[in-house]
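Every number here is computed from the coordinates shown, using simple stated rules; none is lab data. Remember, it's a predicted structure, so these values are computed and weren't measured experimentally. Using ideal geometry, Cβ is built from the backbone for each residue, glycine included, and neighbour counts are taken over all protein chains shown.
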Amino acid sequence: MGLLTFKGGVHPPERKELSEHRALEKTPLPEIVYVFLANHAGIPAKPLVEVGEKVLTGQKIGEAAGFISANLHSPVTGVVKEITKVYHPVLGKPDNAIVIERQGEDSWQLLEPQKPYEKFEPQEIIERIKEAGIVGLGGAMFPTNVKLTPPKEKKIDLLIINGAECEPYLTVDYRLMLEKSKELVRGIRALMKALGVTKAIIGIENNKPKAIDEMKRVSKGTGIEVATLKTKYPQGAEKQLIYAITKRIIPSGGLPMDVGVVVQNVGTAYAVYEALEEGKPLVERAVSITGEAVQEPVNVIARIGTLASELIKLAGGIREEEVDRVVFGGPMMGIAVPRVDIPIVKGTSGITVMPKEVIPPKESYPCIRCGSCFMACPMNLQPFALNLYATNRLYDKAVEIGLMDCIECGSCSYICPANIDLVKNIKLAKKVYRTLKGGKR
């Protein structure tokens, strides 16, 4: 297929070498987990357990409370200690979580039946995915079963698997493609069957040649192709990934299904395999613990709700004197957190601990309209103009020139020679606008 890409974007230092050589390792079972009811996009789950109740690993402890919602399952065998508010790394404020104290080793409550994906009917696959609480593991945490049930008028002809992992530092999708390639193919084939499509394409950046070769090897004769993407950020964003592979353009305000495509992450495909063939609901995920300010970066399989502080210990701990910030995710679209005693959620693909020398303090200057942000914007927006309208509270004017189309990738802030935090101002403007409009787009 050649090297595929999109217009715009940036190429920050990749820093994959810190952890890409580290094979995935299972973490020790945590003594306590904090499972947020809001562990997905949409409506928080409804708790099904009470304080003092004993639970098994994999037992459903929260039920989807709406169409866009997801089930929750206990990551450990233990007892529910409390249901209380805990700092949520995505929401940036305390939110309701089920706190479970582990008692002994795992005693599993698996999903039944466990059988090869070929023996599931398409609707059964979707129902199993819903029951397992699987959401997008690339970070958005959108319920996977919803993506697999587009309106009848939206004809899907292609499944794209996002193996780009364009965010600097993170390497868990890369490790999954190397270590779990056969299982991934089975998960992808199951997703294809659920959608009723005969073709899937895995998009992988060309800085991952081993993953490209391995996925090509195991995909022969399956209807799955591998597309080699140019290494560029944000190559893994849905709209950019779809355009790079298919040249289909999603309209303003549109979704991938509007151009006949469904996109799923590598980690999500693996979770689908586990739910169908091993009966495991989504209670754990792959996480990179990385950054120059940890002693020994690692890739782990960690239980949902484990504290970041416990995972950082597995990477040898933090070099305290060097730390500038701790980020849930990668440095471009991740969220900096105020402390490390915060639990991971289903969408936590990495914990990146960055030192001061990587992020030196920068003084900002007035915008000189150089156009660098416009050239870098993968959505062909004018971030300098959006910033101008945002800072002057001219939100309707900002919307007219594409405010709500911004994917908040941060390319504009990264490239700005005046060091203006454009994406921060744009994010705030979007929140204010939604609030003024009563939460509607």
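Give me the tail of P(r) for the range 293-364 as a percent: Cα-Cα pairs with distance above 19 Å.
Numbers: 740 of 2556 pairs.
In whole percent, the long-distance tail amounts to 29.
Straight-line reach from Lys115: which aspartates and glutamates have a Cα under 18 Å away, not including same-chain ones fewer than 8 places off?
Glu124, Glu127, Glu131, Glu183, Glu274, Glu277, Glu278
Using per-residue counts of other Cβ atoms within 10 Å, averaged over each peptide, order 339-347, 9-17 from highest down.
Peptide ranking by packing, descending: 339-347, 9-17.
Below 18 Å, Cα to Cα, which lysines can Lys362 reach? Residues fewer than 8 away in the same chain don't count.
Those lysines meeting the cut-off are Lys424.
Quick one: 3J(HN,Hα) in Hz for the range 62-74, Karplus 6.51/-1.76/1.60 with θ = phi - 60°, rounded, Gly and Pro as x.
x, 10, 3, 9, x, 5, 9, 6, 8, 6, 10, 9, 6
Once you sort the root eigenvalues of the Cα gyration tensor of the range 84-123 as a ≥ b ≥ c, which label holds: rounded (a/c under 1.5), prolate (a/b larger than b/c) or oblate (the other case)?
Values: a/c = 4.61, a/b = 1.76, b/c = 2.63.
Taking the square roots of the gyration eigenvalues as a ≥ b ≥ c, the range 84-123 is oblate.
For the range 372-436, what's the relative contact order in percent, using C-alpha pairs closer than 8 Å and at least 6 residues apart? Please list the in-between numbers first.
Working: 71 pairs, mean separation 24.5, N = 65.
Normalised by residue count, the contact order of the range 372-436 is 38 percent.
Around Gly350, which amide H atoms from residues at least 5 apart in sequence, or from another chain, sit under 5 Å from its own amide H, with H modelled in the peptide plane?
Hits under the 5 Å cutoff: Ser288, Gly329.
Along the positive direction of the dipole of the chain (beta-carbon charges: Lys, Arg +1; Asp, Glu -1; about the Cα centre), which of Val262, Asn207, Leu403 reaches farthest?
Looking along the dipole axis, the top candidate is Leu403.
For the range 372-436, what percent of Cα pairs sit more than 21 Å apart?
12 percent
Calculate, for Ile249 and Glu118, the FRET efficiency according to 1/(1 + (r/R0)^6) with r their C-beta to C-beta distance and R0 51 Å; round to the nearest 0.05.
Working: r = 35 Å, r/R0 = 0.69.
After rounding, the FRET efficiency stands at 0.90.
Assuming a ≥ b ≥ c are the square roots of the Cα gyration tensor eigenvalues, decide whether the range 1-78 counts as rounded (a/c under 1.5), prolate (otherwise, with a/b larger than b/c) or oblate.
Oblate is the answer for the range 1-78, as a/c is 1.5 or above yet b/c matches or exceeds a/b.
If amide H atoms are built 1.01 Å from N in the plane of the peptide, which residues on other chains or at least 5 residues away come under 5 Å of the amide H of Leu137?
Counting only residues 5 or more places away or on other chains, the set is Asn265, Thr268.
With a bin width of 10 angstrom, please list the P(r) values of the range 70-172 as percents of all Cα-Cα pairs, from the 0 bin to the one holding the largest distance.
Percent of Cα pairs in each bin: 11, 28, 36, 22, 3, 0.
For the chain, can you list the cysteines whose C-beta has no other cysteine C-beta under 4.7 Å from it?
Cysteines lacking a close Cβ partner in the chain: Cys166, Cys367, Cys370, Cys377, Cys406, Cys409, Cys416.
On a full-extension model of 0.36 nm per residue, what is the gain between Lys362 and Lys397, subtracting their alpha-carbon distance, rounded to one decimal in nm?
9.6 nm
If you take the square roots of the eigenvalues of the alpha-carbon gyration tensor of the range 149-258 and sort them as a ≥ b ≥ c, do you get rounded (a/c under 1.5), prolate (a/b over b/c) or oblate?
oblate
Hey, can you grab everything whose amide H is under 5 Å from the amide H of Ile98? Only 5+ residues off in sequence or another chain; H modelled, so Pro and N-termini drop out.
The list, which skips near neighbours in sequence, is Val35, Phe36, Leu37.
Add -39500 (n - 2.57) for each DSSP H run of 4 or more in the chain, then divide by its residues: what number comes out at 222 nm, to the nearest 500 deg cm²/dmol? Numbers along the way, then the final one.
Details: 13 runs with 112 residues, N = 441.
Calculated mean residue ellipticity at 222 nm is -7000 deg cm²/dmol.
Taking 0.36 nm per residue of separation and subtracting the Cα-Cα distance, what length does fully extending Glu322 through Lys93 add? Don't jump to the answer; show the numbers that get you there.
Numbers: separation 229, 0.36 × 229 = 82.44 nm, distance 2.62 nm.
Extending this stretch completely gives an extra 79.8 nm.
Looking at the chain, what % of its DSSP beta bridges pair antiparallel, to the nearest 5?
Values: 39 of 63 bridges.
So the antiparallel bridges amount to about 60 percent of the total.
Please get the size of the charge dipole for the chain, origin at its Cα centre, with Cβ charges of +1 on Lys and Arg and -1 on Asp and Glu, quoted in debye to the nearest 20.
It works out to roughly 1420 debye.
Efficiency by 1/(1 + (r/R0)^6): what FRET value for Glu296 and Trp108, r their Cβ-Cβ distance, R0 = 41 Å, to the nearest 0.05?
Calculated value: 0.85.
With unit charges on the beta carbon (Lys/Arg positive, Asp/Glu negative), name the residue among Gly317, Leu307, Asn71 whose Cα is farthest towards the positive pole of the charge dipole of the chain.
Towards the positive end, the residue furthest out is Asn71.
Past the 18 Å Cα-Cα mark, which pairs from Lys130/Lys280; Lys119/Lys193; Lys247/Lys397; Lys147/Lys193; Lys119/Lys220; Lys220/Lys247? Before the final figure, lay out each step's value.
Working: Lys130/Lys280 12 Å; Lys119/Lys193 11 Å; Lys247/Lys397 30 Å; Lys147/Lys193 14 Å; Lys119/Lys220 21 Å; Lys220/Lys247 24 Å.
Those over the limit are Lys247/Lys397; Lys119/Lys220; Lys220/Lys247.
Specify the inter-centroid distance of the range 319-343 and the range 51-119, based on alpha-carbon positions, in whole Å.
Answer, in whole Å: 25.
Loop only by DSSP, 11 or fewer other Cβ within 10 Å of the Cβ. Give me the GluC sites (Glu not before Pro) in the range 71-171 that pass, ordered by residue number.
Answer by residue number: Glu105, Glu153.
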